[in-house]
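Scroll down for the structure; my scribbles are underneath it.
The values are calculated or read from the model by the stated rules, or taken from the named source; none is laboratory data. Values in this document were obtained by computation on a predicted structure and should not be read as measured data. Note that each Cβ is placed from the backbone with ideal geometry, even for glycine, and that neighbours are counted across all protein chains shown.
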Amino acid sequence: MDILKTKIKNYRSIKYIEFEFNTLNIFVGINGAGKTTILDALITSLSWLINRIQRENVSGKHISENDIRNTEPYSTIEVYAKINDEIFNWKLAKTKKGEIAKEKSELSKVSQLADYLRRQLKQNNKLPVIAYYPVNRVVKDISPEISSKDNFYVLDVYENAIGVKANFQSFFEWFRLQDDILNEKLGSRTKWMINNKKWLKRKTNKIISYLGRITKDYDEFNYLTERIKKDDIIYEEPRYLFHELIDLLHSVEIKFEKEHHFEMVLHDIEYLLHKMSSLSNIRKDNLIDPSKFPTHIIKRIFEQLELIFDRTNLDTENKPLIQFIWETLLFSILLSLWWLSDKGKREIETLFKNYNPSLKRNQRDWHKNKEHFINDIEQIIRNDANRQDVAAKNEGREIQIVTKTIENFIEGYSNLRIKRLPRPHMLVDKNGETFNLEQLSDGEKNLIALVGDIARRLSIANPNSNKPLEGDGIILIDEVDLHLHPSWQRLIIPKLTELFPNCQFFITTHSPQVLSHVKPENIFLLKNENNELSYSKPTESYGKNSDRILEDILGVDARPKKEKEALRKIYELIQSNKIEDAKKNIEELELQIGEDSELVKARVLIKRKEIIGK
C-alpha cells in the first residue's frame, strides 16, 4: 500500500497545497516552514484507517478547531491511497463553530480500504505497518518492566503507532514479553509466585487494610493478619493464600449479620477465592484455555454489588467494604491468571481502575458497566493467550528478526537482550563490550529503538512471511537526524530503504548529511511566506558536499558571515594585484579559523601571480 497524494486546505499555515508522493519523501525547510504540519495532517487522516482496520466504523483523530487556518471557516485533508492497482480516497473536514459547513468528511472509501485489509488479514495473515515517530520520541528511563481490541495478535502492530510519547516504551515492553516467553518464565505457577512474592505481599496488605477499617473483632483480625505477614510459605501456593484470606474474611463477617446483601456478597467472594484456587492452573502443557475462566462468578458478585448500591449509602463506614470487595476480586483474578503477561495484568488493573464501583460516576451506570467489564476482561485474556501462544510457536522469530536488524543497521552493535537481576534492564554489545542501554547516548538509544520498533512491527504484521522486513508499510519520522552524529546521519536513509524496501517513508530533516544521500526528486523544499506554505524541488542533491547542500538547498551560508566576508575580501585583493595586503589578511584570518582549504587556494593563486605575473 502507498499514499499517492494528499490535498490539504486551510490547515495551520497551509492555505492550499497538493503533494504527489514517491516511495521516499523528504521534507526540508526552516523551523516553522510546515514540515511537521504535513506529517500531522497525514497521520490524522491515516488514524481513521488504523482504527477501522481494528474495529468497523470507529473514529480516528479529528482536525481540531485550533488547526483551522486563522482566517478561514473550515479545513480539509484528503488522502489518496493505492493498493493492488485500486485507489481509495477519503476526506476529513472540520468547520469552525458558528460557521456554515461548506465541506463534509467523506469516509466511505477509508471504510472500504479497512474492509479490504481485514479480508487480507483473514486470507493471508498480513497487514501493512503504519507508524509515526514524532519529534518527542526521545528515549528516557528505559524500562522493560511491563507496567480491547480484537482477537488477532497481528493487530498489535497498531498499538501506540500514531505518535504518542510512549511509542518506544511499547517497544521495550514488547521485547520483555517475547523474552519472558522464550525463557519459559510463564511455565511454572510456583516459580512465578516465588519470583513475585513482593507483589503478592503488597496486594495482600492492601486488601487487609480495607478489612481493618470494617472489622469489629480486632483481636482475631490482628492475630490472623500477623500470621499472614509472617508465613512466607503461603505465598508459594494459591490455595494456602486463599485459605488464609478466607479465614480473615470470616473474622469481619459478624459486622453484617443484619444486612443480608452484604452476607451474600461475602459468600460469593469466599466462593470465588475457592474457585480461583482450583482454576489457577488453567495453563496446561504450555497451552492456555481462557474458556475455563469463571466469569459467571464475577457476574454474581456484580449482582450483589448492585444490591449494595440500591440499599446502602456509600458513606465513610461502608465505602471500605466496596473497596475491599473490588481489590479482592482484582487480586483473585490476577492470581488465578498467574500466567498472564505483565502487559495483560496491567490492562486488567487499568480496567478495574476505570470501572471501580466506589466512584459515584460508575455506580450510576453499573447495570450497563458490568456487561462491558466482563466482555473487556474476557477480551484481554483471549488477546494475551493468543499473543503468548503465537510467540511460543514462533520460537522467538520476532525477537531474532529485531536483534538481527539492529546489527545490520548499526555497525558494531549486537545482542540486544534482557537481564533480570537485580531488576529487569536491557543490555547491548557495542564493539565487543557490554553496555546497559541507559549508558548509551540519546542518539544511540533513539536509533536502536527506531530501527527495532519498525522491524518488530513488520515482523508482527507478517507472521507467515519468511522475509517480514519486506512487508508493506507507511512510516513517518519527524527530524530523522535527531541526536545523531553526522556519520550516522549519512547512513540512515540508505539503511532504512535497504532494510525496509517496501515501506513508504515520509521524513523531515534539517541535515545536509541526510540530504546528500537523497535524490532531488525525493525532496520537497518547503517555503512559508506570509503564512502560506509552498514547495519546490531542488535540481541536485545526491552526492553533493555539505557546504553545497547548506547553501543551495537549505539556503544557509556554510561559513559565518564575518569569515565569509573576510575570504571574499582576500580574493578581491588578489584579483586587484594587492598581493601584500592579501597575504596580511590571510595571516590574520588563519589565526581565527586555522588552516583552511580556501586559504590554501588563495596562497596558490598568490604564488601563481608571483611566478607568471597573472
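Just so you know, in the stretch 225-253 the residues that are out of contact with any His (no Cβ under 9 Å at 6 or more places or on another chain) and hydrophobic (A, V, I, L, M, F, W, C) include one that is farthest from W192 (Cα to Cα), and it is V252.
Can you tell me which residue is nearest to G34 (Cα to Cα) among those in the stretch 523-538 that are loosely packed, with under 14 Cβ neighbours inside 10 Å and modelled with pLDDT of 80 or more? Here the residue is E529.
For the stretch 18-36, what are the residues that are crowded, with 21+ Cβ neighbours inside 10 Å and not in a loop (DSSP other than H, G, I, E, B)? The answer is N25, I26, F27, V28, K35.
When the criteria are applied in full, E65 meets the requirement of being among the acidic types (D, E), surrounded by fewer than 21 Cβ atoms within 10 Å (Cβ to Cβ) and under 27 Å from N136 (Cβ atoms). Scanning the stretch 1-17 for residues that are touching a strand residue (DSSP E or B) at 6+ places or on another chain (Cβ under 8 Å) and among the charged types (D, E, K, R), which turns out farthest from E103 (Cα to Cα)? That would be D2.
Tally time: how many residues in the stretch 330-341 are out of contact with any Leu (no Cβ under 7 Å at 6 or more places or on another chain) and not β-branched (V, I, T)?
Going through the stretch 330-341 one residue at a time, the tally reaches 7.
Per the conditions (1) loosely packed, with under 13 Cβ neighbours inside 10 Å; (2) modelled with pLDDT under 75; (3) farther than 26 Å from D342 by Cβ, the sole criterion not satisfied by H267 is (1). Checking each residue in the stretch 561-601 for being modelled with pLDDT of 80 or more, small (G, A, S) and within 60 Å of the chain's Cα centre (by Cα) picks out only A582.
Filtering P501, P520, P512, P486 for residues that are touching a Leu at 6+ places or on another chain (Cβ under 6 Å) and either surrounded by fewer than 22 Cβ atoms within 10 Å (Cβ to Cβ) or of a type outside the set (A, V, I, L, M, F, W, C) (or both) leaves a single hit, P512.
Among the residues that make up the stretch 368-376, is at least one of them of a type in the set (A, V, I, L, M), at pLDDT 80 or above and not in a loop (DSSP other than H, G, I, E, B)? Yes, that holds for at least one residue. Filtering the stretch 423-437 to residues that are of a type outside the set (A, V, I, L, M, F, W, C) and modelled with pLDDT under 85 leaves R423, P424, H425.
Residue by residue, here is whether (1) closer than 14 Å to P134 by Cα; (2) among the basic types (K, R); (3) in contact with a strand residue (DSSP E or B) (Cβ under 6 Å, 6 or more places away or on another chain) holds:
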position: F19; (1), (2), (3): no, no, yes
position: N25; (1), (2), (3): no, no, yes
position: T36; (1), (2), (3): yes, no, no
position: A41; (1), (2), (3): yes, no, yes
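Scoring N466 on the criteria (1) within 20 Å of K126 (Cα to Cα); (2) in a loop (DSSP other than H, G, I, E, B); (3) in contact with a helix residue (DSSP H, G or I) (Cβ under 9 Å, 6 or more places away or on another chain); (4) not hydrophobic (A, V, I, L, M, F, W, C) leaves a single failure, condition (3).
Going through (1) at pLDDT 75 or above; (2) under 18 Å from D384 (Cβ atoms); (3) touching a helix residue (DSSP H, G or I) at 6+ places or on another chain (Cβ under 7 Å) one by one, T225 falls short only on (2).
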